[in-house]
Amino acid sequence: MREPVITFYNVSKSYPLYRHIRGIKNFVFNMPKHLKTMQQEQYEALRDITFEVYEGENFGVIGNNGAGKSTTLGLIAGVLKPNRGRVIVRRRVSPLLALGAGFHQELSGRDNIMLNGVLMGLTRREIREKEEEIIEFSELGEFINHPIRMYSTGMVARLGFSVVAHLDPEILLIDEVLGVGDIRFQKKCLDKMKTFQDSGVTMVLVTHSVASVMNLCDRVMWIDNHEIKMIGDPTEVVTYYSEAVGVPLDLSAVNKAKL
């Protein structure tokens, strides 16, 4: 029996809604009232969700904008905490979310490789062993020794993908980042994703691309209105999802997108 490496037990997550308060004087003299209002007014991103992701599984998450998909990834990554319930993660998490978001603008690309690797929990020695492979994959050439502030958005994304993809991920979180760089580099990234599949890396993919979900994932979870609508076979879940949103499933496009 496969071991679950990610477990959500009745997880709910809400964010406070901050409203404009007219005047500091009004706020001070009515502080208890305003504080109570701020505590009561919450935006509920996820409502009582329970699921498991198993070791080596490719698990997709789909749903409309605002359904709670990215919040789910944030909870797995540990950058968010649930208001209720428990999130258990049993392996090291490598996020492919906002690529390059953790880079220091004044440091070189090479220095940022070291910085990001350390932040992911690897030793300097482990990072140095992978450094040249990361640089070669990124195709940044001499720019690797220049500050990140000189990079284009595409160059930053390419380096971000290269760092995470080469630091031996155990759980890989992917949030709409499969469109990195030009078409040739995108194909290179997808080939790398295929090697993760073959080597048993656990992947959680959030995307609006049903073709990616059907071609990459073993199971899919559909989140609708902040709750789990359905979990199961990718083709079945995507078919129901497509019908619900009124967009017919184009299987020819899915087949063209195969790795």
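The values are calculated or read from the model by the stated rules, or taken from the named source; none is laboratory data. For clarity, every value in this text was computed on a predicted model and none was experimentally measured. Every residue, glycine as well, gets a Cβ built from its backbone with ideal geometry; the counts of neighbours run over all protein chains shown.
Taken together, Thr37, Thr7, Thr50 contain a single residue that is out of contact with any Gly (no Cβ under 6 Å at 6 or more places or on another chain), at pLDDT below 95 and polar (S, T, N, Q), which is Thr37.
Looking only at residues in the range 201-219 that are over 19 Å from Arg91 (Cβ atoms) and outside any helix (DSSP H, G or I), the one that is nearest to the chain's Cα centre (by Cα) is Thr207. Scanning the range 116-137 for residues that are under 20 Å from the mean Cα position of the chain (by Cα), surrounded by 15 or more Cβ atoms within 10 Å (Cβ to Cβ) and in a helix (DSSP H, G or I) yields Asn116, Gly117.
Regarding Asp182, is this residue modelled with pLDDT under 80, among the acidic types (Asp, Glu) and farther than 23 Å from Thr50 by Cα?
It is true that Asp182 is modelled with pLDDT under 80, among the acidic types (Asp, Glu) and farther than 23 Å from Thr50 by Cα.
Scanning the range 47-101 for residues that are touching a Leu at 6+ places or on another chain (Cβ under 8 Å) and either on the phi > 0 side of the Ramachandran plot or part of a strand (DSSP E or B) (or both) yields a count of 11. Scanning the range 127-154 for residues that are touching a residue at least 40 places away in the same chain (Cβ under 8 Å), in contact with a Leu (Cβ under 9 Å, 6 or more places away or on another chain) and not hydroxyl-bearing (Ser, Thr, Tyr) yields a total of 3.
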